[in-house]
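One structure is given below, encoded as structure tokens.
The values are calculated or read from the model by the stated rules, or taken from the named source; none is laboratory data. Please read these numbers as outputs of a predicted model, since none were measured by experiment. Here Cβ is always computed from backbone atoms with ideal geometry, including for glycine, and neighbour counts include all displayed protein chains.
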Amino acid sequence: MRMRTMEISVGFFMLIGFLALVVLALNVSGLNLASKGAGYKIYANFENIGGLTARAKVSMSGVQIGEVTRIRLDPQMLMAEVEMEIYPDIDFLSADSSAMILTSGLLGQQYIGIIPGGDVEVLAPGEFIYNTQSALVLEDLVGKFLMNQVSE
Amino acid sequence: MIDFMQKLGHRTLSKLAAFGRSGQILFQSVVAKPAPVMMFPLLIKQIYFVGVLSLIIIVVSGLFIGMVLGLQGYTILADYGSEEAVGQMVALSLVRELAPVVTALLFAGRAGSALTAEIGLMKATEQLASLEMIGVDPLRRIIAPRLYAGFICMPLLTMIFAVVGVWGAALVAVDWLGIYSGSYWVNMQQSVDFMSDVVNGLIKAVVFGFVVTWIAVYQGYDCVPTSEGISQATTRTVVYSSLAVLGLDFILTALMFGDL
Amino acid sequence: MEAVSPATGSASSMLEDVIVEIKDLTFSRGNRPIFKGVDIKIPRGKVTAIMGPSGTGKTTLLKLIGGQLRPDSGDIVVEGSSVPSLGRKDLFVIREKMGMLFQSGALFTDMNVFDNIAFPIRVHTQLPEEMIRDIVLMKLQAVGLRGAYDLMPSELSGGMARRVALARAISLDPNIVMYDEPFTGQDPIAMGVLVNLIRRLNQALGHTSIIVSHDIQETLSIADYIYLIADGKVIAHGTPDQLKTIESEQVRQFVEGLPDGPVPFHYQAPDFLEQLMHKGVSR
């Protein structure tokens with residue numbers, strides 16, 4: 001009988017442990033098995049990506065529609081090429097959409113915001129967004145401001 | 001000077017010999033011999049002692065650490081107007097660092113010291129020698145189930161600690177301080193990655209569980225079989241495993257999160 | 001004193017079947033030599049006692065026979081196989097033929113009396129549970145503790161614990177049973193019971209008994225043959241009657257329990273008066 005209660009409590013313990021793992025996976029890390037890897041890729045070139053990193057979110061009107069999967073330097077254009085994965089249900093981005101690098105809050109993470117255009121055609125997987133706006137770099141801003149002051 | 005060198009040499013050699021013996025114990029009890037079917041009930045019993053009985057201290061500590069993190073995080077982040085990020089801060093610090101490390105330290109204090117004392121007492125009362133004379137290898141009968149139980153329990157306890165901590169922080173931040181619960185969870189989900197955060201935390205837990213149980217079992221098996229020897233061995237278990245956990249944590253963190 | 005003093009008639013009794021033979025054994029712990037060339041022959045089916053003052057490594061000798069320690073040199077032959085040269089696996093096989101009663105009893109504290117005695121049987125045989133039950137009850141009956149089968153070791157008195165341990169030691173019907181200080185710390189009644197038990201079991205089961213002890217009277221009363229060890233050597237051996245007639249001072253001191261003699265009352269120390277005059281202990 002003592003052995004039995006022991007076995008039951010051990011079984012219970014193992015169960016809680018695995019449940020905890022599941023909670024961590026789904027609730028804390030927001031792991032969504034369905035959307036991972038099922039999306040399509042689009043690209044954009046930026047002159048300066050600032051502090052953008054892989055896994056940064058891609059959003060439209062503040063709603064996340066994908067994430068940055070890879071960042072590399074395009075050797076011909078000498079610009080940053082950002083690869084984004086867009087969720088499969090977002091299949092209505094117009095071909096003349098523009099992408100800009102934004103910052104959440106004053107000191108927060110950088111992310112990509114997509115602003116829809118008016119074109120009837122939609123972005124196909126693998127296509128580029130040509131209309132881009134680089135990240136704001138504080139030093140550049142200060143530099144421009146000072147130049148203006150001097151020229152006045 | 002020569003005396004000092006001799007002492008140093010002696011200590012180095014004896015430490016090396018101890019390390020060798022502990023490796024031998026590990027090898028003979030776990031690696032060289034597959035676990036026989038007979039071990040299963042023994043394993044259940046050890047998981048009960050090592051895991052189930054540690055559950056309370058883990059849950060209570062996890063809850064309080066989570067609550068403190070929630071409170072501290074809120075007051076600090078509120079200065080920057082970004083108190084919504086408290087979920088992210090709590091979850092990352094728990095999953096990556098606090099859950100594995102604090103669980104391992106508590107585990108060393110709760111289960112490790114008990115393991116050492118139990119095995120040391122078995123040695124002092126000649127139970128280990130008696131097993132040998134009956135023709136049963138004490139490494140397989142006594143040591144191996146305890147080692148396996150340690151490996152199994154540590155990751156589970158760590159996961160439980162992390163979940164309870166996150167929940168405790170939510171309790172403080174959301175229910176008490178009034179952060180919008182959606183932003184608490186969504187912020188958290190966006191910043192915590194399953195592979196690089198949760199799985200890495202899990203890897204840490206497995207490594208710590210392995211090291212702590214190994215140290216505990218070795219100290220018990222190799223202790224001087226007197227009451228003084230057992231108390232020293234128990235102290236050494238807690239000290240050595242805490243140091244090992246903290247040191248290894250740095251190394252693992254550097255490998256996992258620092259781009260070294 | 002180095003001369004082993006077998007006095008008379010040892011040769012006649014030594015021609016018997018020898019089950020354990022220790023040849024020129026040396027063993028040391030750290031820098032301290034414990035045995036310096038010990039030769040012992042233990043005849044089959046008899047009660048052999050190994051005696052000596054405390055600290056002479058009598059328990060160590062049993063551990064050497066059981067293969068738990070390895071000698072520095074010399075050989076220990078148990079039933080034809082040399083114990084020090086056996087591998088781990090073969091050692092466990094040969095130990096199935098040995099039973100050992102430890103000084104502290106060494107009962108497994110997490111099992112009750114029944115399971116303690118059943119343990120060696122369960123480990124080494126595939127017998128059905130009813131048969132194990134019968135064997136365990138038989139062994140318990142032999143030591144007179146059948147009524148205590150469901151007690152935990154912590155609920156037993158010292159004498160009872162030792163009897164349970166004895167039942168466990170004989171549970172597999174070993175060829176050799178080793179007793180490590182079976183009489184120490186026992187009250188006179190428990191002591192009498194144990195003496196009686198060891199003798200009776202030896203006769204009834206026909207195994208060889210090796211007793212390590214320094215309790216002169218009890219040991220002399222049950223042993224067929226006695227080895228006396230001091231200073232890492234065998235200083236005398238013979239039957240109890242022979243031993244009583246040996247004239248060696250060292251043997252006399254031990255057998256009669258004199259406080260001072262070749263084994264001095266004082267531990268090695270500088271001259272008492274001199275040390276007092278210098279005040280304090282020089283380190």
Requested in this report: Write out, first by first residue and then by second, each pair whose Cβ atoms fall under 8 Å of each other, whose residues are 6+ apart or on separate chains, and whose first residue, in segment C:210-229, is within 14 Å of residue C:43 (Cβ to Cβ) and in contact (Cβ under 8 Å) with a residue 12 or more places away in the chain while the second is assigned to a helix (DSSP H, G or I) and of a type in the set (A, V, I, L, M).
Outcome: C:210/C:62; C:210/C:65; C:211/C:198; C:211/C:222; C:226/C:220; C:226/C:243
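For (1) at pLDDT 85 or above; (2) touching a Ser or Thr at 6+ places or on another chain (Cβ under 8 Å); (3) of a type in the set (A, V, I, L, M); (4) outside any loop (DSSP other than H, G, I, E, B), each residue gets a yes or a no:
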site	(1), (2), (3), (4)
C:84	no, no, no, yes
C:90	no, yes, no, yes
C:94	no, yes, yes, yes
C:100	yes, yes, yes, yes
C:114	yes, no, no, yes
C:130	yes, no, no, yes
C:134	yes, no, no, yes
C:137	yes, no, yes, yes
Query raised in the report: Is it the case that some residue within segment C:166-179 is more than 25 Å from residue C:97 (Cβ to Cβ), crowded, with 18+ Cβ neighbours inside 10 Å and under 20 Å from the mean Cα position of the chain (by Cα)?
Result: no
Query raised in the report: Looking at this structure, is residue B:99 more than 14 Å from chain C (Cβ to nearest Cβ), under 19 Å from the mean Cα position of the chain (by Cα), touching a residue at least 40 places away in the same chain (Cβ under 8 Å) and over 30 Å from residue C:63 (Cβ atoms)?
Result: yes
Requested in this report: Return the residue satisfying two criteria in turn: it lies in segment B:93-151 and is surrounded by fewer than 24 Cβ atoms within 10 Å (Cβ to Cβ) and aromatic (Phe, Trp, Tyr), and of such residues it is farthest from residue C:97 (Cα to Cα).
Outcome: B:151
Query raised in the report: Considering C:228, C:205, C:201, which residue is touching a Leu at 6+ places or on another chain (Cβ under 9 Å) and within 19 Å of residue C:20 (Cα to Cα)?
Result: C:228
Query raised in the report: Residues of segment C:176-215 being more than 26 Å from residue C:234 (Cα to Cα), hydrophobic (A, V, I, L, M, F, W, C) and touching a Gly at 6+ places or on another chain (Cβ under 9 Å), which ones?
Result: C:189, C:190, C:191, C:193, C:194, C:197
Query raised in the report: Any idea which of (1) modelled with pLDDT under 85; (2) part of a strand (DSSP E or B) is the one residue A:90 doesn't satisfy?
Result: (2)
Report task. Would you please name the residue that is farthest from residue C:213 (Cα to Cα), looking only at residues in segment C:85-111 that are crowded, with 19+ Cβ neighbours inside 10 Å and either touching a residue at least 60 places away in the same chain (Cβ under 8 Å) or more than 9 Å from chain B (Cβ to nearest Cβ) (or both)? Result -> C:107
**Report entry** Residue, nearest to residue B:135 (Cα to Cα), within segment C:35-51, restricted to residues that are of a type in the set (Gly, Ala, Ser) and surrounded by fewer than 22 Cβ atoms within 10 Å (Cβ to Cβ)
**Finding:** C:45
**Report entry** residue A:50 vs. criteria within 26 Å of residue A:139 (Cβ to Cβ) and under 15 Å from the mean Cα position of the chain (by Cα)
**Finding:** yes
Query raised in the report: Is it the case that some residue within segment A:98-105 is under 17 Å from the mean Cα position of the chain (by Cα) and farther than 27 Å from residue B:193 by Cβ?
Result: yes
**Report entry** Restricting segment B:40-70 to residues that are among the β-branched types (Val, Ile, Thr) and in contact (Cβ under 8 Å) with a residue 40 or more places away in the chain, the residue that is farthest from residue B:178 (Cα to Cα)
**Finding:** B:47
Query raised in the report: Within the set of pairs 6+ apart or on separate chains, which have a first residue in segment B:240-260 that is in contact (Cβ under 8 Å) with a residue 60 or more places away in the chain and closer than 16 Å to residue B:103 by Cβ, a second that is in a helix (DSSP H, G or I) and of a type in the set (Val, Ile, Thr), and C-beta atoms under 8 Å apart?
Result: B:241/B:211; B:241/B:212; B:241/B:215; B:245/B:101; B:245/B:211; B:245/B:212; B:246/B:101; B:249/B:101
Report summary line: Heads up, the helices (runs of 4 or more DSSP H) in segment B:112-188 (entirely inside) with at least 2 residues that are closer than 17 Å to residue B:58 by Cβ, within 14 Å of chain A (Cβ to nearest Cβ) and modelled with pLDDT of 85 or more are B:144-170
Requested in this report: Looking only at segment B:205-214, decide whether some residue is within 12 Å of chain A (Cβ to nearest Cβ), over 14 Å from the mean Cα position of the chain (by Cα) and either modelled with pLDDT under 90 or closer than 16 Å to residue B:99 by Cα (or both).
Outcome: no
Query raised in the report: Going through segment A:15-30 one residue at a time, which ones are within 22 Å of residue B:50 (Cβ to Cβ) and more than 7 Å from every other protein chain (Cβ to nearest Cβ)?
Result: A:15, A:18, A:19
Query - Within segment B:63-82, tally of residues that are farther than 29 Å from residue B:212 by Cα, within 12 Å of chain A (Cβ to nearest Cβ) and either crowded, with 22+ Cβ neighbours inside 10 Å or of a type in the set (Phe, Trp, Tyr) (or both) - result: 1
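For every residue, the table says whether it meets (1) buried (at least 17 other Cβ atoms within 10 Å of the Cβ); (2) small (Gly, Ala, Ser).
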residue	(1), (2)
C:203	no, no
C:206	no, yes
C:213	yes, yes
C:218	yes, no
C:222	yes, no
C:234	yes, no
C:248	yes, yes
C:253	yes, no
C:259	no, no
**Report entry** Condition met for residue B:201 (within 14 Å of chain A (Cβ to nearest Cβ), assigned to a helix (DSSP H, G or I) and surrounded by fewer than 16 Cβ atoms within 10 Å (Cβ to Cβ))
**Finding:** no
**Report entry** Residue in segment A:118-125 that is on the phi > 0 side of the Ramachandran plot, assigned to a loop (DSSP other than H, G, I, E, B) and over 14 Å from the mean Cα position of the chain (by Cα) present
**Finding:** no
